[in-house]
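A.B. asks: Got a structure for you, questions after.
The values are calculated or read from the model by the stated rules, or taken from the named source; none is laboratory data. As the structure is a computational prediction, the values presented were derived from the model and not from experiment. Note that each Cβ is placed from the backbone with ideal geometry, even for glycine, and that neighbours are counted across all protein chains shown.
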Amino acid sequence: MENVVEDPQAPGAGLVLTSGTTSAPILDPPELARSIEAGLARGTQDLADAARRVRAGSDPEAIHDLRVAARRLLIALRVWEPLCRVRLHRVLTRQLRRERRRFGSARELEMNVAWLESRVPSSDVAVSTGAIAGFARMKRRVRRRRRQAASRLRP
C-alpha cells in the first residue's frame, strides 16, 4: 500500500511516496520537468556520441552503443508519452526504431564473427587455417557493413 507522508529531509515539497520498505520523493512540477529534460538530453547526447563513433569507424562497440542509446531513448519516450505532443512522440519513436533496425544486421554479423572466433580450436592447424580464411572474408563483410551503417547516419 502506498502512502504520502511528510519528510522534512526530502527535496522539493518535503513529501515522500512510500510503499512498504521503499520511498521516493515527490518532485514538484518544475523540478520534475528539469529532471525529465536532463534525462532526455543525456540520452540524446549518448546517441549523438555513438553516432560520431560509428561514422569514425574506429570503435568496434560503436554500433552496439548506438543501438543501446536508441533503445534507452525509446523507453524514456514511452514512459513520458503522456507529457509529449502526439505527433512529435510518433515521429521520434519511428525514427529511433528505424535507426535501431538499420544497424541490426551489422551488429548481428559482428557478434557472429566474434562468437565463431571464440569457438575455433587453435590447436588444430587444418581447422585454424581454413577458419582464418573464412574469418578474413567475414571481417571484410563486417567492415563493409560498418561503412554502410556510417553512411546511413545523418549528421
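A.B. asks: Name the residues in segment 142-154 that are in a helix (DSSP H, G or I) and either loosely packed, with under 15 Cβ neighbours inside 10 Å or among the polar types (S, T, N, Q) (or both), would you?
C.D. replies: Filtering segment 142-154 down to residues in a helix (DSSP H, G or I) leaves 142-152.
Hits for segment 142-154 are 143, 144, 147, 148, 151, 152.
A.B. asks: Considering each residue of segment 105-139, count those that are in a helix (DSSP H, G or I), at pLDDT below 75 and not hydrophobic (A, V, I, L, M, F, W, C), and give that number.
C.D. replies: Residues that pass the stated criteria total 3.
A.B. asks: Between a first residue in segment 68-85 that is among the basic types (Lys, Arg) and a second residue that is surrounded by 13 or more Cβ atoms within 10 Å (Cβ to Cβ) and in a helix (DSSP H, G or I), which pairs have beta carbons less than 6 Å apart while being 6 or more apart in sequence or on different chains?
C.D. replies: Short answer, once both residue conditions are applied: 72/43.
A.B. asks: Are there any pairs with C-beta distances below 8 angstrom linking a residue in segment 29-47 that is within 30 Å of residue 153 (Cα to Cα) and in a helix (DSSP H, G or I) to a residue that is hydroxyl-bearing (Ser, Thr, Tyr) and at pLDDT 80 or above, with the two at least 6 apart or on different chains, and if so which?
C.D. replies: none
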